[in-house]
There are 2 protein chains.
Amino acid sequence: MVKMVKKNYLLAPGPTPVPTDLLLEGAQETIHHRTPQFKKIMEEAIEGTKYVFQTAGDLFLLASSGTGAMEMAVVNLVSPGEKVIVIVSGKFGERWKQICETYGANVVPIEVEYGNYVAPEKLDETLKEHPDSTVVFTTLSETSTGTVMDIEGFARVSKAHGKLIVVDAISGLIAQPLKTDEWNLDVVVAGSQKGFMLPPGLGFITFSESAWEKAKTNKTPSYYFNAFAYKKNPAPYTPAVNLIYQLKKAVEMLKEEGMENVWERHRILADATRAGVQALGLELFSKRPGNVLTAVKVPESIDGAKLVSLMRDEYGVTIAGGQGSMKGKIFRIAHLGYMSKFDTIIAISALEMALRKLGFDFEYGTGLKAVEEVFEREGV
Amino acid sequence: MVKMVKKNYLLAPGPTPVPTDLLLEGAQETIHHRTPQFKKIMEEAIEGTKYVFQTAGDLFLLASSGTGAMEMAVVNLVSPGEKVIVIVSGKFGERWKQICETYGANVVPIEVEYGNYVAPEKLDETLKEHPDSTVVFTTLSETSTGTVMDIEGFARVSKAHGKLIVVDAISGLIAQPLKTDEWNLDVVVAGSQKGFMLPPGLGFITFSESAWEKAKTNKTPSYYFNAFAYKKNPAPYTPAVNLIYQLKKAVEMLKEEGMENVWERHRILADATRAGVQALGLELFSKRPGNVLTAVKVPESIDGAKLVSLMRDEYGVTIAGGQGSMKGKIFRIAHLGYMSKFDTIIAISALEMALRKLGFDFEYGTGLKAVEEVFEREGV
């Protein structure tokens, strides 16, 4: 058999492809972090990142993954024994629950099955039942199911009840609209390896005035993730210097494009992906699919793990399988970050070829036709 | 209108995409060229390149484009007034003619119209008519038309008449089978920015024993391109140090893949491209299409220049238009060098979208279906 060139296409929900310009930013000499030169770079990177989060409030850069930023939210806002509401519709809602429980919180979960979503009305009911709860934890894009949550709605309800709202926007930020200040979000966390188009290694966290107020009385011990350390000095410990060079450039690129355009671009790629898989006769997994990734039910006749490994190992196209209980039942195609129309074309073409190889029947080109029709309709 | 991310896809017949591994080779510190360290690197690069040319004879690396290597062939083998045969089926056959004439050769051209080819029998007839000619100049892949020549046949005929044969394999080498020693080719020239997957800047030239014999009595003055200078010292003038780092690595990659596989890989991508454009109702331009690039007639209703600029400026997909008299009449899609199946998918998808935008009628996905069917048939 002829061996073909295998280029690598990262179409999983993070890490996402890093543009060469950003790779080269990171390839520059590491300077010392306690210098006026680096201080200026870091300040500019933070300012630009605030625009991406749509906030004028406090925002910190962490040398951590997104999970570190989640932990920072919990250890600064939740004291042992405190009652918190956690919206759980997948693995990352479960992660909020686990972190809160690790620090002794009294967690009231609002749980729905994977693929489903929680409506703001349900949160409203729960808050009525638990007036002694203090914080609502939720997820913008539940990466394990491809579901987007109504964060604006959750925030309105939470504020009406006088509660804080904390959002995991790790995979969702940039792909989905999110307006930290306008929506009154108290804490929003994110990571570098998603919409920011950067390698992994940076976490982000915002703090509202109400969040600071709450943090002042917090009793959970913390050191590396103590928010007041960052408030005093945005680089209390050694920051990830080269990633911050890259971040500065990445947020310049996002600012130049404009967040409205960035969101629309992701919406179009998501629409095209959904159209492509549905044209092949496949079913979307999520009841409220977002613009970060598309989760698709694996057809009965197909081995889901085989599909993912065939695409990755033979075609170089990395998509994601299902996580945890979803293993083998769904696959997930991201349209997140530095993605062109042709990445969607590649995703659907690789899917067509892999499905046919595994015996799934349809006419070649069917999914691709649907993708191209979306692009035509959108005029892109 | 939403502005989409525009990644750049180089699908023109050179420069071709450079893999990151090779880019990084070139990003290393430049060392001095008169050192044992560099001498060793250069020797290894030359040895590897000989494998790609399938020769055990002399091969030199030039700091020049491919055209410089063509000039080197002429100034070392052709004296003023000498009669030479030049096979001309496009712009690059014309270039041999121009260089030979520049140095006062008496050129007997075998000319056919663009898109057509010359059969070895025709060369045989011409050599019978011109027994006083000394050298046959030809082109493996005529880049301006996408036509591949029967170099093995030309060589057999040339040798039967006791003539030297010089081959411009600039765009053809690596994409098309070429066996310098087995086919008795006297001089073969190539350039770095094609099948070698490297940036432009390096020229290559081989010399057979017969070529050296001929060069000894040559009367055309030459300095930079004097072959005896390179025979004495492979780096008579400053070589392109960093490109040679990259070449050493590139030929290692080609050796690891194996030339038979490399040729087959190009054949499959070419077959798929031809199938894709024909499924769209378009016509191939060449009567003997090769595996380097596919030249396609622009449909009557379409502005050829607009098609090329739309694909490049709006989609980021660089294909080539027609050159010289072919301007606006054909377009050319390369499948040369570091190309995966998905580059062909991208080419045909971009073509589908651009043609539709310009009003050409067909059903979306038609070309892509044909491409995927070729890949399935080939089992890749």
With the other protein chains left in place, how much accessible area per residue, in square angstrom, belongs to the protein assembly as shown at a 1.4 angstrom probe? 37 Å²
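For the protein assembly as shown, what is the percent of antiparallel DSSP beta bridges, rounded to the nearest 5?
On the way: 40 of 82 bridges.
Looking only at bridges with both residues in the protein assembly as shown, the antiparallel portion is about 50 percent.
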Charge tally in the Cβ shell below 15 Å around B:VAL157, where Lys, Arg are +1 and Asp, Glu are -1, B:VAL157 excluded: -2
Note down the nm distance, to one decimal, between modelled labels 7 Å out along Cα→Cβ at B:ASP21 and at A:GLU363. 4.1 nm
May I ask you to work out the translational diffusion coefficient for the stretch A:20-257 at 20 °C, viscosity 1.002 mPa s, via Stokes-Einstein with Rh from the Kirkwood sum over Cα pairs, reported in whole µm²/s? 120 µm²/s
Once phi for every residue in the stretch A:366-380 is put through the Karplus expression 6.51 cos²θ - 1.76 cosθ + 1.60 (θ = phi - 60°), the whole-Hz ³J(HN,Hα) values, with Gly and Pro written as x, are 5, x, 5, 4, 4, 4, 5, 5, 4, 4, 5, 4, 7, x, 10
Select from the stretch B:179-257 those trypsin sites (Lys or Arg not before Pro) which occupy a DSSP coil region and have at most 11 other Cβ atoms within 10 Å, ordered by residue number. B:LYS219
DSSP-defined beta bridges in the stretch B:20-257 - what % are antiparallel, rounded to 5: 40 percent
One decimal, nm, nearest first: from A:GLU111 to the same residue in each other copy, label points 7 Å out along Cα→Cβ, the values are 8.3
Would you please name the trypsin sites (Lys or Arg not before Pro) within the stretch A:281-346 that are DSSP coil residues with at most 16 other C-beta atoms within 10 Å of their C-beta? A:LYS287, A:LYS327, A:LYS329
A:LYS128: which lysines have alpha carbons under 23 Å from its alpha carbon, excluding same-chain residues fewer than 8 sequence positions away? A:LYS83, A:LYS97, A:LYS159, A:LYS163, A:LYS214
Buried by at least 30 Å² relative to the chain on its own: which residues of the stretch B:1-46 qualify, computing accessible area with a 1.4 Å probe on protein heavy atoms? B:MET1, B:VAL2, B:LYS3, B:MET4, B:VAL5, B:LYS7, B:TYR9
Where the eigenvalues come from the Cα gyration tensor of the protein assembly as shown, what are the semi-axes √(5λ) of the equivalent ellipsoid, largest first, in whole Å? 60, 29, 19
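In Å², rounded to the nearest 100, what is the total accessible surface buried by chains A and B against each other with a 1.4 Å probe? Intermediate results must be reported in sequence, preceding the final value.
Numbers: alone 16170 and 16130 Å², together 28410 Å².
That pair of chains buries around 3900 Å² in total.
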Relative contact order (percent) for the stretch A:70-200, with alpha-carbon contacts under 8 angstrom and 6 or more residues of separation? 22 percent
Assuming R0 = 35 Å, can you tell me the calculated FRET efficiency for the pair A:PHE228 and A:LYS327, based on Cβ-Cβ distance, to the nearest 0.05? 0.30
Direction-averaged shadow area of the convex hull around the Cα atoms of the stretch B:76-178, nm²? 5.8 nm²
Scaled to the compact-protein estimate 2.2 N^0.38 Å, what is the alpha-carbon radius of gyration of the stretch A:1-149, rounded to two decimal places? 1.37
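Quick one: pull the percent of accessible area on the stretch A:20-257 belonging to carbon and sulfur, 1.4 Å probe, ligands and nucleic acids left out.
Here carbon and sulfur together make up 51 percent of the probe-accessible area.
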Distances over 17 Å make up what percent of all Cα-Cα pairs in the stretch A:5-70? 65 percent
Provide the per-residue ³J(HN,Hα) series for the stretch B:193-206, in order, calculated from phi with Karplus coefficients 6.51, -1.76, 1.60 and θ = phi - 60°, each as a whole number of Hz, with x at glycine and proline positions. 8, 10, x, 5, 6, 10, x, x, x, 10, x, 10, 8, 9
Just tell me how shielded A:343-350 is by partners: mean number of partner chain Cβ atoms within 10 Å of each residue's Cβ, no decimals. 5
Mind listing the Cα extents of the stretch A:155-304 along all three principal axes, in Å, largest one first? 55, 41, 33
Does the stretch B:180-266 come out rounded, prolate or oblate by the C-alpha gyration tensor, with a ≥ b ≥ c the root eigenvalues, rounded set by a/c under 1.5 and, if not, prolate when a/b is larger than b/c and oblate if not? oblate
Which lysines, on any chain, are close to A:LYS357 with Cα under 24 Å apart, when same-chain ones fewer than 8 places away are left out? A:LYS3, A:LYS6, A:LYS7, A:LYS297, A:LYS306, A:LYS327, A:LYS329, A:LYS369, B:LYS341, B:LYS369
Do any GluC sites (Glu not before Pro) in the stretch B:258-291 lie in a DSSP loop with no more than 16 other beta carbon atoms within 10 Å, and if so, which? B:GLU283
Could you sort the residues of the stretch A:312-330 by number and keep only those whose accessible area is reduced by 20 Å² or more in the all-protein-chain setting relative to the chain alone, 1.4 Å probe? A:TYR315
Counting all Cα-Cα pairs in the stretch A:124-169, those more than 17 Å apart amount in percent to 32 percent
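The values are calculated or read from the model by the stated rules, or taken from the named source; none is laboratory data. Quantities reported herein were computed from a predicted structural model and do not represent experimental measurements. Cβ sites come from the backbone with ideal geometry, for glycine too, and all protein chains shown count toward neighbours. Each accessible area value is taken on the protein alone, full model and side chains, heavy atoms only, with ligands, DNA and RNA left out. Shrake-Rupley method; radii C 1.70, N 1.55, O 1.52, S 1.80 Å.
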